[in-house]
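The values are calculated or read from the model by the stated rules, or taken from the named source; none is laboratory data. Just so it is clear, the structure is predicted and the values come from calculations on it, not from any experiment. Every residue, glycine as well, gets a Cβ built from its backbone with ideal geometry; the counts of neighbours run over all protein chains shown. For the accessible areas, the whole protein counts, side chains as well, though only heavy atoms, and no ligand, DNA or RNA atoms are used. Shrake-Rupley method; radii C 1.70, N 1.55, O 1.52, S 1.80 Å.
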Amino acid sequence: MAPPLTVAVIGAGVAGLATARALKVEGHRVIVYEKSNRLGGTWVYNPRVESDPLSLDPNREIVHSSLYQSLCTNLPRQLMGFSDYPFNTRKYGDLRTFPGHEEVLEFLNEFASEFGLVELIRFETEVVRVDRADLRSDKWVVESRSGKSTELGSEEVFDAVVVCNGHHTQPRVADFPGMEKWPGKQLHSHNYRVPEPFQDQAIIVVVIGDGLSAKDISLEISKVAKEVHLSSRSPNIKISKLEYGDNMWQHSEIDHVDENGEVAFKDGASIHADTILHCTGFKYDFPFLKTEGIVAVDDNRVGPLYKHIFPPELAPSLSFVGLTYFPAPHVFLKIDLQAKWIAHVLSGKASLPSEEEMLADVQEYYQTMAEKGIPKHHTHSLHYEFEFSDWLAAQVGLGVDEQARLMHRSYYKFVSDNGFWRSREWQPGYVLQEEEL
Ligand code: FAD
């Protein structure tokens, strides 16, 4: 086994905590840098929003979390834990299938305390630069700034760096003709917290997107505003009235907007709206990372990365956790397996292919995406794929979690049968046909 390494982990959200635990178990010496004063990342609800509601101003003060106050998880509590540290067996007093965000944060705090991770975290310490110590070595310099100081802070050298800075903070904004001159209010879901600002029986809101946040937020706003119109660029969307509220409509994507406040949809409908809410997702961003283009973000593809984790040319001393999204299997489990694999690779328990082989694997993945017509910006979207997590589990000597897999299938069958509109009737035994088992 290789000797223990010094490892810097950037961020103390789910990914940073899981990574710190996995590295600690392997005997590595870990420092977790966390720019805020709390652990939990996204799950630390912040009532503040950014000064620029679309988050386009590069000089704005960034608020990390995109949670809205009423947010409940989009996965049932049975699928919100780590494989060896389940969520649903813990008792927090909330019996709902989809727990509120406060409960997830409590769970993460308990996880961190139980595994002795809190003492590894340097709070209020923002990493401002991660750079190779010199081009011939695998070591990394991490430069950080503490507290509110604007002066550059200390530099420390590490054998490895694991990037866990999250990817739900830098909004992606929709683009449509006339957007700049449209007189109404526009904001991104990153800056949505509560429905009160929409509480006016005259207000008409257009919500762009068809993800879970778009659905959640539009339903919440529909209870206080006059009308909510969802706009989706998914193919085959036709104008329709939604059954979830008397005042909700589904439209195709926006065709253009006018200076007089009109919003015209490609389905031919046109309305006079007051607000456009962009629930259009987020961008990967690593402002501190200096790799001279070895790892780059191109149309929201972070690459090249072997299995979404290791850049072949810089592996294994640089790695990323939590870039993949979409929930199968659940987020926490997938993150935990990624963290464990990195820890195993760094201690020599698992080995990586050669740089050339890793690059070839990445190219093959890109090629398959292109052949299937999957756009580049969906590179890290592993839609309902269990193969990746099964593969990761095998790398670290773990078996497939059949229980979680069944639960997942049952839950997504329920969603596809009933739609995702905060229905709370799902139970783990929701019927699966034999061919779905
Ligand atoms: P984060 O939680 O974002 O943590 C990153 C951490 O890095 C933060 O603490 C941040 O302060 C720190 N950081 C960033 N940059 C620096 C720096 N330069 N220096 C030091 N520290 C830094 N997942 C689910 O499983 N179930 C759900 O129901 C669910 N709902 C969601 C709803 C919303 C609205 C959003 C936005 C996400 C949701 N997710 C859900 C996904 C969620 O992002 C993951 O569960 C998880 O929080 C990701 O963890 P992370 O550690 O990768 O990132």
- request: May I ask you to list the residues in the stretch 196-243 that are surrounded by 15 or more Cβ atoms within 10 Å (Cβ to Cβ), of a type outside the set (Gly, Ala, Ser) and within 20 Å of Ser381 (Cβ to Cβ)?
  value: Ile208, Asp210, Leu212, Lys215, Asp216, Ile237
- request: Please work out if Ala296 is free of Cβ contacts under 8 Å to residues at least 24 places away in the same chain and out of contact with any Phe, Trp or Tyr (no Cβ under 6 Å at 6 or more places or on another chain).
  value: yes
task: Please specify each residue of the stretch 199-217 satisfying the condition of being within 16 Å of the ligand (Cβ to nearest atom) and in a loop (DSSP other than H, G, I, E, B).
output: Gly209, Asp210, Gly211
field: Answer residue from the stretch 40-54, given it is under 25 Å from Val331 (Cα atoms) and hydroxyl-bearing (Ser, Thr, Tyr) and is nearest to the ligand (Cβ to nearest atom) among those
entry: Thr42
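Matching residues to (1) within 11 Å of the ligand (Cβ to nearest atom); (2) open to solvent by less than 60 Å² (accessible area, probe 1.4 Å); (3) free of Cβ contacts under 8 Å to residues at least 12 places away in the same chain:
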{"position": "Tyr68", "(1), (2), (3)": "yes, yes, no"}
{"position": "Pro76", "(1), (2), (3)": "yes, yes, no"}
{"position": "Pro86", "(1), (2), (3)": "no, yes, yes"}
{"position": "Thr97", "(1), (2), (3)": "no, yes, no"}
{"position": "Gly100", "(1), (2), (3)": "yes, yes, no"}
{"position": "Val104", "(1), (2), (3)": "yes, yes, no"}
statement: By residue number, the members of the stretch 370-390 that are more than 21 Å from the chain's Cα centre (by Cα) and either of a type in the set (D, E, K, R) or part of a helix (DSSP H, G or I) (or both) are Ala370, Glu371, Lys372
- request: Give the residue, chosen from Leu135, Leu120, that is on the phi < 0 side of the Ramachandran plot, within 16 Å of the ligand (Cβ to nearest atom) and either aromatic (Phe, Trp, Tyr) or open to solvent by 10 Å² or more (accessible area, probe 1.4 Å) (or both).
  value: Leu120
- line: Over the stretch 13-64, the set of residues closer than 24 Å to Val345 by Cβ and hydrophobic (A, V, I, L, M, F, W, C) is Val14, Ala15, Leu17, Ala18, Ala20, Ala22, Leu23, Val25, Val30, Ile31, Val32
Matching residues in the stretch 252-304 - criterion: being under 19 Å from Met179 (Cβ atoms) and among the polar types (S, T, N, Q): Ser252, Asn260, Ser270, Thr275, Thr280
message: Just the residues that are open to solvent by 20 Å² or more (accessible area, probe 1.4 Å) and either without any contact (Cβ under 8 Å) to a residue 12 or more places away in the chain or within 11 Å of the ligand (Cβ to nearest atom) (or both), please, taken from the stretch 1-30.
response: Pro3
